[in-house]
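The values are calculated or read from the model by the stated rules, or taken from the named source; none is laboratory data. No experiment lies behind these values; they were computed from the predicted model shown. Ideal geometry is used to build each Cβ from the backbone, glycine not excepted, and the neighbour counts take in all protein chains shown.
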Amino acid sequence: MKQSQLFSKTRKEAPKDEVSKNAQLLIRAGFIHKEMAGVYAFLPLGLRVIENIKNIIREEMNGIRGQELIMTSLQRKELWEKTDRWDDEKVDVWFKSALKNGTEVGFGWSHEEQITEMMTNYISSYRDLPTYVYQFQGKLRNETRAKSGIMRCREFVMKDMYSYCRSEEDHKAFYDDTTAAYLRVFEKVGLGDRTFFTFASGGAFTQFSHEFQTITDAGEDIIYIHREKKLAINQEVLTDEVMVLLGVKREELEEAKAAEVGNIFSFGGAKSEQLGLFFKDENGISQPVILGSYGIGVTRLMGVIVECFADDGGIVWPEAVAPFKVHLLSLGKDEESEKIYQQLTAAGVEVLFDDRDMGAGAKLADSDLMGMPYRVVVGKKSLEQGGAEVKGRTEETGVIMTVEALLEKVK
């Protein structure tokens, strides 16, 4: 992509009412547009990051036999009444409305009920199990406060997966597979060394759950980490009982602020009984299907990445999620820059080409702000030295490289 053709623009200041670092930087760099508190539009650069994150997650979910679908956002009142989760006293994040005929509807904040009811059409025998389905979808939650940028939104993109198993043993095996897959996701997006499998409360879902918490000062949770065991306990459930269950002692735990980037829940057979999802076992006896629910906040994860890696210059994208691998800057040498642009793109390298007619200082500052993994500068000085200046986003200085050496480095 040529930057002169990109409709979004960088800006020196973020909106005065935006207090979170992730949203300030993403707005300034032209990745998102703020509609209102907790509601953001994702512009072309931001969408490319989202799609990269989704593809990493998709690969892992497909790898554990997940099947992708997409459900509707509109939810029927009577369906959620069956599980006692329509009442605002029980679930306080509903957005609700009514159809023109007066029928009450809600806007999906989660999808256990809807997908489980759908499965009554497809699961009736032990031969139909197990089944694992997932989706990427916009969720709507009427959050009381939304001051953490895209880390806590009223409208956001989520990956939610649901497992349907015939026994607790089968469910536990898949639960463990999903835990491992989630840890691989966070490793691939660059957060592996600071994300911990965390024992937590189940909230509106179950009594207990497991979270995946990433250490960051921008987090809203306090966790207690056991680094040797590579696990953590959320402050809300830090009790003697839980520590005994996990085989840890209080003096072994390290306190840290963290942001939740994923969660997994076990529902057992309770929700299936409420919604009429049963199967016949080998003996013809009717049994409730065992349900598990597994979520990753895609846009939230994007915000956490910004919070964790940004520096004084701006965003620092890990290569796996960056919208472009290379930011190519032309400093008055457009013809030579164009040739390098064509060579890189022909080799399959994703390049943002800053071909704008503006000064070097502004281009260099924008490049730092936007945060691509590699900056390639083509100017009179670099060409006299035999090529282009190549610098990693977090490197202090660049080096002069030929196009051939550049291709080898970035590929």
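Scanning the range 83-90 turns up no residue that is touching a Leu at 6+ places or on another chain (Cβ under 7 Å) and either assigned to a strand (DSSP E or B) or farther than 24 Å from residue 268 by Cβ (or both). Just one of (1) closer than 18 Å to residue 139 by Cβ; (2) at pLDDT below 95 fails for residue 16. It is (1).
Here residue 410 clears all of (1) in contact with a strand residue (DSSP E or B) (Cβ under 9 Å, 6 or more places away or on another chain); (2) at positive phi; (3) not basic (Lys, Arg) except the condition numbered (2).
Just one residue in the set 393, 375 is surrounded by 12 or more Cβ atoms within 10 Å (Cβ to Cβ), more than 13 Å from residue 329 (Cα to Cα), among the charged types (D, E, K, R) and under 29 Å from the mean Cα position of the chain (by Cα); that residue is 393.
Determine whether residue 113 is over 27 Å from the mean Cα position of the chain (by Cα) and assigned to a helix (DSSP H, G or I). Walk me through it before giving the result.
Numbers: over 27 Å from the mean Cα position of the chain (by Cα): no; assigned to a helix (DSSP H, G or I): yes.
No.
In the condition set (1) closer than 22 Å to residue 214 by Cα; (2) in contact (Cβ under 8 Å) with a residue 24 or more places away in the chain; (3) acidic (Asp, Glu), residue 312 is compliant with all but (2). Within the range 300-340, the set of residues being part of a strand (DSSP E or B), small (Gly, Ala, Ser) and either at pLDDT below 95 or assigned by TED's automatic domain parsing to the domain that holds residue 374 (or both) comprises 330, 332.
Scan the range 16-35 residue by residue and report those that are in contact with a Lys or Arg (Cβ under 8 Å, 6 or more places away or on another chain) and either among the acidic types (Asp, Glu) or not in a helix (DSSP H, G or I) (or both). Steps first, answer last, please.
Residues of the range 16-35 in contact with a Lys or Arg (Cβ under 8 Å, 6 or more places away or on another chain): 18-20, 23, 27-28, 30.
Those that are in contact with a Lys or Arg (Cβ under 8 Å, 6 or more places away or on another chain) and either among the acidic types (Asp, Glu) or not in a helix (DSSP H, G or I) (or both): 18, 19, 20, 30.
Criterion applied to 273, 236 was being within 24 Å of residue 122 (Cα to Cα) and either in a helix (DSSP H, G or I) or among the small types (Gly, Ala, Ser) (or both), and the one residue passing it is 273.
In the range 291-305 there is no residue matching the filter, namely being farther than 26 Å from residue 133 by Cβ and surrounded by fewer than 18 Cβ atoms within 10 Å (Cβ to Cβ).
Would you check which residues across the range 65-81 are assigned to a loop (DSSP other than H, G, I, E, B), out of contact with any Phe, Trp or Tyr (no Cβ under 7 Å at 6 or more places or on another chain) and surrounded by 15 or more Cβ atoms within 10 Å (Cβ to Cβ) and list them? Before the answer, list the steps.
Start the filter on the range 65-81 by keeping residues that are assigned to a loop (DSSP other than H, G, I, E, B), which leaves 65-66, 69-73.
Among the residues that remain, those that are also out of contact with any Phe, Trp or Tyr (no Cβ under 7 Å at 6 or more places or on another chain) are: 69-72.
Once the filter is applied, which keeps residues that are assigned to a loop (DSSP other than H, G, I, E, B), out of contact with any Phe, Trp or Tyr (no Cβ under 7 Å at 6 or more places or on another chain) and surrounded by 15 or more Cβ atoms within 10 Å (Cβ to Cβ), the range 65-81 yields only 71.
Would you point out the residue of the range 216-259, among those that are touching a Lys or Arg at 6+ places or on another chain (Cβ under 8 Å) and in contact (Cβ under 8 Å) with a residue 40 or more places away in the chain, that is farthest from residue 190 (Cα to Cα)? By that ranking, first place goes to 246. Applying the condition of being surrounded by fewer than 16 Cβ atoms within 10 Å (Cβ to Cβ) and more than 15 Å from residue 401 (Cβ to Cβ) to the range 331-349 and asking which residue is nearest to the chain's Cα centre (by Cα) yields 348. Look at the range 389-400: where a residue is closer than 14 Å to residue 326 by Cα and without any contact (Cβ under 8 Å) to a residue 24 or more places away in the chain and a partner is among the hydroxyl-bearing types (Ser, Thr, Tyr) and outside any strand (DSSP E or B), sitting 6+ places away or on another chain with Cβ atoms under 7 Å, you get 389/382; 391/397.
Residue under question is residue 364, and the condition is that it be hydrophobic (A, V, I, L, M, F, W, C), buried (at least 16 other Cβ atoms within 10 Å of the Cβ), modelled with pLDDT of 95 or more and out of contact with any helix residue (DSSP H, G or I) (no Cβ under 9 Å at 6 or more places or on another chain); does it hold? Yes: the conditions hold for residue 364.
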